[in-house]
1. Direction-averaged shadow area of the convex hull around the Cα atoms of the stretch 3-155, nm²?
2. Within 10 Å of each residue's Cβ, count the other Cβ atoms and sort 190, 106, 119 from fewest upward.
3. In percent, how large is the relative contact order of the chain, given Cα pairs closer than 8 Å and 6 or more residues apart?
4. Does the stretch 230-269 come out rounded, prolate or oblate, given a ≥ b ≥ c as the square roots of the eigenvalues of its C-alpha gyration tensor, rounded meaning a/c under 1.5 and, failing that, prolate meaning a/b above b/c?
5. Suppose a student asked you for the relative contact order of the stretch 143-204, using Cα pairs under 8 Å spaced at least 6 residues apart; what percent would you report?
6. Based on the Cβ-Cβ distance from residue 60 to residue 30, what FRET efficiency comes out when R0 is 30 Å, to the nearest 0.05?
7. Using only the alpha-carbon atoms, how far is helix 218-230 inclined from the longest principal axis of the chain? Give it as 0 to 90 degrees, nearest 10.
8. Just need the relative contact order of the stretch 85-206 here, percent rounded to a whole number, with Cα pairs under 8 Å and 6+ apart.
Ligand code: IPD
Ligand code: CA
Ligand code: CA
Ligand code: CA
């Protein structure tokens, strides 16, 4: 049983409160007010309400920390203090179609002595199943009281791989198709479930053996990447480098499968 840090307790409490509101809104989804931020880029009153709840709860607990939130953007805090990176509803398109696969993603990014910033805490909370996937840097990744480990599968022929497919106005269809063409014939299955934070959390939990996607935002991946790393997995860009955020390319898997998937991806992009 892990000892929960005070910060984790604060974050989980906020996520549960916002999750209760999301469950309520999900049951009334036909009546929700929805608008479009761009092509196929929907936002509902549920996204905004959940974000407001998370902001209020976390601000009260950590008044001088900054925020980066999908809907509300940046709220400045003390630059020497951490900031929260929040996706209040990852999987909005699922949510709006009555598909119960969506999550809240909260990460904490801290300044380091060398002037950089790193993610030190991550929570992906799935309101419908009431599951918390959480990680703290150097302290492992957890699901309720159980330590998370990435899958131990070694063979591509056994592997179930998740991805995010580009859609109207978003992403590089040609690149995605090339990578799909290289990976799909080699693996046991490919899934597109529609919530990037959960895709990464499920790689950490060993449910998926690997995952690739590009064209994401920091709030989609900040918590999930820490989960995968703390569960013993790897997240790189498509070149196998350590700049997935900067290059906006995410390839995640256990060590053995990562090498194999990376070879296929590199071959596809040559
Ligand atoms: C989306 C989901 C989806 C991914 C999209 C994201 P949202 O987030 O994570 O899986 O493919 O690129 O925008 O908008 O539902 O929070
Ligand atoms: Ca969105
Ligand atoms: Ca998202
Ligand atoms: Ca979102």
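1. Spelled out: convex hull of the Cα atoms, projected over all directions, averaged, 11.3 nm².
2. Lowest to highest Cβ neighbour count: 190, 119, 106.
3. Computed over the chain, the figure is 16 percent.
4. Oblate, because a/c is 1.5 or more while a/b does not exceed b/c.
5. Rounded, it is 47 percent for the stretch 143-204.
6. Taking R0 as 30 Å, the efficiency between residue 60 and residue 30 is 0.35.
7. On a 0 to 90 degree scale, this one is about 70.
8. 24 percent
Bear in mind these aren't lab numbers, they're just calculated from the coordinates by the rules spelled out. Just so it is clear, the structure is predicted and the values come from calculations on it, not from any experiment. Quick reminder, even Gly has a Cβ in these numbers, built from the backbone with ideal geometry, and neighbours come from all protein chains shown.
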